[in-house]
Each structure stands twice: as structure tokens, then as C-alpha cells.
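K.L.:
What follows is a structure written as C-alpha cells; I'll ask about it next.
Nothing in this text is a laboratory measurement; each read-out follows from the coordinates by a stated rule. What you see is a predicted model, and the numbers here were worked out from it, not measured in a lab. Here the Cβ positions follow ideal geometry from the backbone for every residue, glycine too, while neighbour counts run over all protein chains shown.
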Amino acid sequence: QEDYKLWLQYAKVSDSKLVSDYNSNINGIVALGNSETIRVASKELQLGLSSLLDNTTVIQQNIEAENVLILGSKTSLNEAISKSLNKEFEQINNEGYIIKTIQIKNKNHILITAKTDIGVLYGVFNFLKLIQTNKSVENLNIVDAPKIDIRILNHWDNLNGTVERGYSGSSLWNWQKLPDFIDQRYIDYARANASIGINGTVLNNVNANALILTPLYLNKVEALANTFRPYGIKVYLTARFSAPIEIGGLKTADPYDAAVQQWWKDKVAEIYTRIPDFGGFLVKANSEGQPGPQNYGRNHVDGANMLADALAPFGGIVMWRAFVYSEHDVNDRAKQAYSEFVPYDGKFRDNVIVQVKNGAIDFQPREPFHPMFGAMPKTPLMMEFQITQEYLGFSTHLVYLPKLYQEVLDSDTYTKGKGSTVAKVIDGSLDNHKLTGIAGVANIGSDINWTGHPFAQANWYGFGRLAWNPNLDSEVIAEEWLRMTFSNDLNFVNPIKEMMLKSREAVVNYMTPLGLHHIMDTGHHYGPGPWVSNLSRPEWNPVYYHKADKNGIGFDRSKTGSNATSQYTPDVAKIFDDVKTCPEEYLLWFHHLPWDYKLKNGQTIWDGIALKYQKGVDEVATMNTTWDKMNPYVDEQRFREVQMLLKIQLKEAKWWRDACLLYFQQFSGKELPKGVENPTQTLEYFETLKFPFAPGNN
Ligand code: BDP
């Protein structure tokens, strides 16, 4: 089925001239080396070529013929060839690859090589991509390498098969049938990830269950690790901080306790006897009720370093999350992670990396970049993006997230002057860090199409591409994804690419325009709930975030308010602090403004908000009409699915618009401006809507 195949459709190239050009360049494959990785690489190549080009080229033993596709790592090449590529090899790291047209005895060949077999596999996928996207394979000279070391998915999968904030079925991992039954899904999962360069996976939820660390489960984890290894994907686990008590029989999990330290050392050694290339632990500690070092009067450094010491002898790492906010300091939740972590800069072990969400609240449709980026130069920080759309319409709304990712990565921290982008913090170049990483909270589940919405596959794909190179353009990524997933026909690619690129701004507009945030309904986080004010912790309530009243709307985080702006470098703080220079997309994130405050275009805040909500709805309406014309280019099933989903999205964009505007209107006391449709329901109606069927909230 098409939708299962993701961007690895390998659909037959429709242009017959192109097919013959390709075929004339590919007249046999020679695979050097005999590792599992080389085996899967040549298998993928054969699958791709036969399907894309009807080219049934078989593996050959030598390079006698012309136009042979040669794959193999540096050490497997003959010396003359390898020497001639010295310059190229210098430009790549262990995971990079070279695709080059070379001459041997006056005959042309295409060489796919790398320093490692995994690099060769990446080269193979990228070579196939050239054909998938109808690019030329003449005179090739491609040298490419990932800019970030750890490119990892975080699965929020529970051991009972549910997925926290997962909207595409249940967990992929079938713990009952593992380790004996290796589902084809696991292999296709690994292929898909390898094809975009993802090289790590955390199998289980950050809200962790200690049982994953027991032999019963480790046995199964080992089977997954063995399955993923040929594809260059390392397995990581979340470590529940209280595991020494829960499964170790100890009385405490205090990181200063010698028995606790020993327990972790033994546990880690046990894991490595099973999985010699185990990646390490991801830890959510003292956050939203999870246990952690603070339960024993210790701090994040104590906790992270204890685990790091256990992992260090084996080369493992700790990814320690900075997603913390305490109920004791409710002045401004956005400030807390920074306040708690920045004083620890330089105190973590070398094999600890602190994992920071892209913004200071929680994966909202738009947030300014997290002030921790750039603020801890002596500590490697990794990015945590959410691929699953917890706050952006689950897997029902079409939202192209690489736009969001790129906006964050391109943000300038100014910590070392202009150009100190978040991307440079993450790729280690700004502060010279060796350990670098980027994580995406996966949107993958057991649905046939993996991600629920056919277009949500693009978010998995795009995350992987930006993890490989955070400087890539989201537009380029959208185009290659569309060509590989659907069609190379420009009558399809151009309008749909534009639709994807606009979809992120659309969701911001119909959910949280002008810097509004966290006004979704409680628990499920799906529909609007700006009225919610009855939750036990103040910072869980939407009213805490929008602060709408008769006088105005917005959270004052400037100098006159919570002063969260002071957590940014002075250059950035100055821009955000001044209502005149603050970008309007962050206006109500940083400022509380009267309803008749004038925006740059002359509209009042009230009119501006209302018109933005309307614009969001209009954009989704346009997405619908654009897609309706795409029937000729897409298989019936995916065409219909997307069409139905877009209709729901339109209905729900209106729900957001009407509910939020009716609610805020109570305070503004003003009429809706011309151009904004009148709500067809009352505020009471929206307030009493229930959403008991929301998935993923467990
Ligand atoms: C929030 C989710 C919650 C996660 C938490 C986290 O609502 O389910 O456990 O983040 O990242 O976005 O730890």
C-alpha cells in the first residue's frame, strides 16, 4: 500500500527519456565488503533500481563493464581510487558519504563511498533520492556529512502499548512477541530512519517505567537493537530515577548513596553485555511528578553525573531533560528551566548533554526560542522538537513542521554577536562542543501509514533532514518529500509545496495568533479552552497565559513584568522588551497590551486578533480547494484521506476562531471587525463541549 511506503515509494520514473538516461549510467552493481550494512545497502539499491527503473541490475563480482555502481567504504577501495579521493574524505566525518563519477581504465563508474559502511548506506539512500526526485546522475560529485552527532527519535511509548501524545495508533514495539518475533515493521522503521540519517531511538516514554530495565524487557530491547544495528540506529532507554528502589530492592535512589551508585553501574554493565553499542539514557527528573535527585536534596548535576559515571566506561551518554517547572515559583513558568539550569553550566560530566525543548513553555504552535540556548556555553545542549502534534491538531491537521523547526534553528541568540544562531549552539560550532544532538518526539505508531495523517510523514522526514543539516531550507525539504512520496509532476509539486509551507502559519493564526499561547483545553490539549481557570496549579490554566481582562491581553514578560526577557542576551532582550521592536508574532508572549493598542498595520489589537483568526480559517479553506484539484496526481486512497482530513481541519479551525473570539470578546467589549465571520454557536456551547475520545492522553 502506498501510504505504508512513506518516502521510499520508488515509484517508476514516468519520463521515459530519463529512465533510459539513468539506465545507461547504471549497468551493474559491485558491493565491496560483507558487513550486514553493506548487505542491506545493496539490497536497498536493487529494490530501488528495479522499482524506479525496471533496472534489474544484479550484483557483480568485478568492475569489468562500463558504468558500474560501486559501493564500499574507504578501506575496501583499491588504493589508487581511495588516494584520489583524499580531499573528499577529509571533508567528511564517520557518517558522511561521497557519491562521485570516477574513471577506471577510461571507463566511467559511479562510486558511493564513505569512511564507514553506515556512511555508504547513507550514500545509497541519497543516490536513490537523486532518481526519486528526477535529478541527473551524470558527472556526480556529492560530498555530504551530518552536522549533528546524535539524531534521535524520542518515542513516548508506554510498556502497555499506549503512546503518550501519540495519535497514530499504538506503540510499534510488540513487547509480547519480542524477542522471538521480528516484525517487518521494525525493519521498515529502520530503513526509513536510515534513509534520512536518523541514528538513534529512545524506545520508551520519558514518563518512565523502571521495568524496561529488567532482564525480561532488556532481552526484548536487545532484539530491537540487533535489528536496527545494520541501519546505524542505536538504541537508548529512558531511566526512571527511582529504579533502584522499584526494581533494585534498595531503600533509596539518592545519587550520593554508594549502593545506589553501584546499582546503576551494575545495571549499565548488564545492558552493555547484551547491547555493546547501547546509546545511553534519556532522563526526565523532578518534572511533572517524575522522581529525581531533588527528592533527596540533591540537584540535577548530582543525578546526571551519577548516571554518566556508570555509562562512561562503555561510551554511553546521558540526555538530561531541562523541561522543569515548579509549582513553588509561579511568577512565570517560562523562566524556570533557565533559572534552574544555567547556574550548573560547566558542572556536568563530558558525557552529559542537556536536552532543551525549542521554547520555554511547551511545544506551542509558536514560541520564541528557549533562552537556555546560548546561555550555557560550557555545557552541550541538545534540541528537543515535538514531531507529534500534541498542540497542533494531533494527526488530524495538516501542519508542515519543518517551517517551525527552521524558524527556531535560525533564531539568533547573539551570545557571540550577530549570527550566533540556535543551529550553531546545537551543532556545537558556537562553543566548540564535541557532543551534539537533536531529538524529535516521534509521531509514529501502528497505523498503516505510520503517522495518522499522510502529510505528517513529512514532519518525520523533515525532522531527520534538519537533524542531518540544520541549515537546510524547509522549502527544499518539502519539495524532495513531495517528489518522493507522491509525484514529480510540477502541477502537483508546486501548489502542494506552497500549501505545506503556509500550513504552519495557518495553525498559528487559527489557534494562537500574535504570541498567544497555552490556551488549549485541559488534559487532551486538542481544542480551545481559553476559559479554563480551575486547575490546581496556576500555571496549568490558560487564563494564566493570556491574562485577558477589561484592560487588555497578553503576558508581560518585559522589564515591567516578569522580566523573562532578561534571560536573553542584551541585544535580544532589547528587541523583545520594547513593544515597538518586539516582532508582532511574539507580541502577546512578551507584552500585556490594551485592546485598542495599535498594531503596525494600524489595526487595534482586538481587530488584529480577530482578523488573524479569520485569516487562519481562510488559509485552511484555500488548502481545501488546492487539494481538491489534485485528484489526477494522487492515488485514490491518499487523495480521499487528505481531503477528509482537510475538511475536519477547516471545521476545527472555525471552532478555535469562534470559541476564542467569543471568549475574548467578553473582555474587549468590541464588535467583530468587518471580514470576520459571525460565530454560529454561543460561548456556553463551546465551554461545555467534551472531548472524551481524545487519543494519547494517558
Ligand atoms: C508535555 C506533555 C506531557 C509530557 C511532557 C514532557 O503534555 O505528556 O510528558 O510534555 O515533555 O508536553 O515531559
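K.L.:
Take the Cα gyration tensor of region 48-90, multiply each eigenvalue by 5, square-root it, and list the three semi-axes largest first, rounded to whole angstrom. Numbers along the way, then the final one.
P.N.:
Numbers: eigenvalues 132, 33, 15 Å².
The three semi-axes for region 48-90 are 26, 13, 9 Å.
K.L.:
Short version: ³J(HN,Hα) in whole Hz for each residue of region 425-440, in order, from phi by Karplus 6.51 cos²θ - 1.76 cosθ + 1.60 (θ = phi - 60°), x for Gly and Pro, what are they?
P.N.:
Rounded to whole hertz, the list is 5, 5, 7, x, 6, 5, 10, 6, 9, 7, 8, 9, x, 8, 10, x.
K.L.:
Trypsin sites (Lys or Arg not before Pro) within region 13-53: which are DSSP loop residues with at most 16 other Cβ atoms inside 10 Å?
P.N.:
Working: sites: Lys17, Arg39, Lys43; in loops: none.
Here no trypsin sites (Lys or Arg not before Pro) fit, given the DSSP loop and packing criteria.
K.L.:
Do any trypsin sites (Lys or Arg not before Pro) in region 400-459 lie in a loop, going by DSSP, with at most 11 other beta-carbon atoms within 10 Å of their beta carbon, and if so which? Let's see the in-between values first.
P.N.:
Values: sites: Lys403, Lys416, Lys418, Lys424, Lys434; in loops: Lys416, Lys418, Lys434.
The qualifying sites are Lys418, Lys434.
K.L.:
If I fit a long axis through the Cα atoms of helix 605-628 and take the longest principal axis of the Cα atoms of the chain, what angle between them do I get, 0 to 90°, rounded to 10?
P.N.:
Helix 605-628 and the main axis of the chain meet at about 30 degrees.
K.L.:
Give the aspartates and glutamates reachable from Lys559 as a straight Cα distance under 12 Å; neighbours fewer than 8 places away on the same chain don't count.
P.N.:
Candidates past the 8-residue exclusion: Asp577, Asp578.
K.L.:
Rounded to whole Å, give me the distance from the Cα center of region 389-463 to that of region 2-35.
P.N.:
After rounding, the separation between the Cα centres reads 29 Å.
K.L.:
Hey, what angle do you get for helix 457-468 against the long axis of the chain, alpha-carbon based, 0 to 90 degrees rounded to 10?
P.N.:
For 457-468 against the chain, the angle is about 70 degrees.
K.L.:
Now a separate question. Share of antiparallel DSSP beta bridges in region 2-144, in percent to the nearest 5? Display every interim value, and only then the final one.
P.N.:
On the way: 11 of 21 bridges.
Of all bridge pairs located within region 2-144, approximately 50 percent are antiparallel.
K.L.:
How high is the relative contact order of region 179-276, in percent, counting Cα pairs under 8 Å that sit 6 or more residues apart?
P.N.:
Values: 100 pairs, mean separation 29.1, N = 98.
Worked out over region 179-276, it gives 30 percent.
K.L.:
Also, I was wondering about something else. Could you please tell me the mean projected area of the C-alpha convex hull for region 548-698, averaged over all directions and given in square nanometres to one decimal? Don't skip to the end; give the middle numbers.
P.N.:
Numbers: hull surface 52.3 nm².
In nm², the orientation-averaged hull projection of region 548-698 is 13.1.
K.L.:
Counting only residues 5 or more places away or on other chains, whose amide H sits under 5 Å from the amide H of Ile150 once H atoms are built in the peptide plane?
P.N.:
Here the answer is Thr436, Gly437, Ile438, since their amide H atoms fall under 5 Å of that of Ile150.
K.L.:
Divide by every residue of the chain the summed helix terms, -39500 (n - 2.57) for each DSSP H run of at least 4, and state the resulting mean residue ellipticity at 222 nm, rounded to the nearest 500 deg cm²/dmol. Don't skip to the answer; put the middle values down first.
P.N.:
Working: 22 runs with 262 residues, N = 698.
Dividing the helical sum by the residues of the chain leaves -11500 deg cm²/dmol.
K.L.:
Using Cα-only point scatterers and the Debye equation, what is log10 of I(q)/I(0) for the chain at each q in 0.05 Å⁻¹, rounded to two decimals?
P.N.:
Evaluating at q = 0.05 Å⁻¹ gives log10 I(q)/I(0) of -0.25.
K.L.:
What order do you get for 230-240, 543-553 when each peptide is scored by the mean count of other beta carbon atoms within 10 Å, highest first? Could you put the intermediate results ahead of the total?
P.N.:
Working: 230-240: 23.6, 543-553: 18.6.
Highest to lowest by the protection proxy: 230-240, 543-553.
K.L.:
Given H placed on each backbone N at 1.01 Å, which residues far from Ile70 in sequence or on other chains put an amide H within less than 5 Å of it?
P.N.:
When sequence neighbours closer than 5 places are left aside, the close amide H contacts are Val30, Ile110, Leu111, Ile112.
K.L.:
While we're looking at this one, here's another question. Based on the mean of other beta carbon atoms within 10 Å per residue, what is the order of 660-668, 260-268, most packed first?
P.N.:
On the way: 660-668: 20.4, 260-268: 18.4.
Order by mean packing, descending: 660-668, 260-268.
K.L.:
Related question: In the structure shown, do any of Lys5/Lys147; Lys502/Lys615; Lys5/Lys43; Lys17/Lys135; Lys5/Lys220; Lys612/Lys651 have a Cα-Cα gap over 18 Å, and if so which?
P.N.:
On the way: Lys5/Lys147 27 Å; Lys502/Lys615 11 Å; Lys5/Lys43 16 Å; Lys17/Lys135 13 Å; Lys5/Lys220 26 Å; Lys612/Lys651 16 Å.
Exceeds cut-off: Lys5/Lys147; Lys5/Lys220.
K.L.:
Pull out a ≥ b ≥ c, the square roots of the eigenvalues of the alpha-carbon gyration tensor of region 2-144, then state rounded if a/c is under 1.5, prolate if not and a/b is larger than b/c, and oblate in the remaining case. Kindly include the intermediate steps, with their values, before the conclusion.
P.N.:
Details: a/c = 1.63, a/b = 1.35, b/c = 1.21.
In terms of gyration-tensor shape, prolate.
K.L.:
Separate question: Name the long-range amide H neighbours of Met520: under 5 Å, sequence gap of 5 or more, or other chain; modelled H, no Pro or chain starts.
P.N.:
Distant-sequence amide H within range of Met520: Gly529.
K.L.:
HN-Hα J couplings of region 84-91 from phi, Karplus 6.51/-1.76/1.60, θ = phi - 60°, integer Hz, Gly and Pro as x?
P.N.:
Taking θ as phi minus 60°, the curve returns 5, 9, 3, 4, 5, 4, 5, 7 Hz for region 84-91.
K.L.:
Another one. Using the 10 angstrom Cβ neighbour count as an exposure proxy, how do Asp302, Asp473 rank, fewest first? Please list the in-between numbers first.
P.N.:
Values: Asp302 18, Asp473 14.
Ascending number of Cβ neighbours within 10 Å: Asp473, Asp302.
K.L.:
What does DSSP give for region 150-485 in terms of the percent of beta bridges that are antiparallel, rounded to the nearest 5? If you can, show how the numbers build up before the last one.
P.N.:
Values: 2 of 33 bridges.
In region 150-485, DSSP labels about 5 percent of beta bridges as antiparallel.
K.L.:
Using the alpha-carbon centroid of each, what span in Å lies between region 107-143 and region 650-698?
P.N.:
For region 107-143 versus region 650-698, the Cα centre distance is 51 Å.
K.L.:
Additional query: Under a point spin-label approximation (7 Å from Cα along Cα-to-Cβ), what is the Glu64-Ser533 distance to one decimal in nm?
P.N.:
Distance between the two pseudo-spin positions: 8.5 nm.
K.L.:
What fraction of the DSSP beta bridges in the chain is antiparallel, stated in percent and rounded to the nearest 5?
P.N.:
On the way: 17 of 58 bridges.
Approximately 30 percent, going by the DSSP bridge assignments.
K.L.:
Can you put Arg274, Arg557 in order of Cβ neighbours within 10 angstrom, beginning with the fewest? Numbers along the way, then the final one.
P.N.:
Values: Arg274 15, Arg557 27.
Ranking Arg274, Arg557 by Cβ neighbours within 10 Å, fewest first, gives Arg274, Arg557.
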